[in-house]
Amino acid sequence: MVSRMVFTGFGDLEISNAVLAQMRNIIIQSAQNPDIINWARNIVSSCPPKDELCEIGSIYAYLQTEFHYVNHTANTQYIETPLEILNTISAGGTFYGDCAEIVTVELSLYRAIGYDTTIRTVNYEPGPFTHVYGLVSIMSGEQIPIELIALPPYDYLGYEKLPYYQKQDYSI
């Protein structure tokens, strides 16, 4: 299995269809990895059985404490795989990455324990898509936004910056 992945996008902040396709592939492969599955199970182990909000919230809270947002260099979309990210965290390090990287790890963990997920890319003004975050579906059919780069007071499970100019959902 590939432990690191680098993908060059089309512009310094653009989330292109090619980047979304690469993210989707990384998430699908990672969610089937036994190490990722065990990691997700360990994170949610204190939740009562079938408590979706506890499970989703536990993964959200775990990543929120272990993640530090940084931009990447112009014209390059660098995506580390979830296994590489989680190995960095388990070695005592903090994960530094952008929105594309955090989405790959968060949605991999959710999918590893059976949740349907979606990548949402948005822009807040005319032009290319410049931001991406995840959505997790629960049994009621509701999709819960998972936005881990929001700053206080908006750093809570379910926060979604509105209004956006345009959105595109990319099912996984």
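No lab work stands behind these numbers, since they all come straight from the coordinates. Quick caveat, the model's predicted, so the values are computed rather than measured. Note that we place each Cβ from the backbone using ideal geometry, even for glycine, and neighbour counts take in every protein chain shown.
At a 10 Å Cβ-Cβ cut-off, how would you order Tyr110, Tyr170, Tyr60, fewest neighbours first?
Values: Tyr110 27, Tyr170 17, Tyr60 23.
With the sparsest Cβ surroundings first, the list reads Tyr170, Tyr60, Tyr110.
Out of Ile149, Pro34, Cys54, whose Cα points farthest toward the positive end of the dipole of the chain (charges: +1 Lys, Arg; -1 Asp, Glu; placed on Cβ)?
Ranked along the dipole, the leading option is Pro34.
How far apart, in nm, are the 7 Å Cα→Cβ label points at Ile28 and Thr94?
Once both label points are built, they end up 3.5 nm from each other.
Between Leu148, Leu20, Leu135, which gets the highest mean-square fluctuation from a Gaussian network model of the chain, Cα cutoff 10 Å?
Leu20
Give me the percent relative contact order of segment 32-162, please, defined on Cα pairs under 8 angstrom at least 6 residues apart.
21 percent
Over all Cα pairs of segment 4-171, how is the pair count split among 10 Å bins, expressed in % and running from 0 up to the last occupied bin?
Going out from 0 Å in 10 Å bins, segment 4-171 shows 10, 42, 38, 10, 1 percent.
Along the three principal axes, how long is segment 28-70 when you take its alpha carbons, biggest first, rounded to the nearest angstrom?
Taking the Cα atoms of segment 28-70, the three principal extents are 35, 23, 15 Å.
Report the full-extension gain for the segment Leu53 to Glu125: residue separation times 0.36 nm, less the Cα-Cα distance, to one decimal in nm.
Contour length minus Cα-Cα distance gives 22.7 nm.
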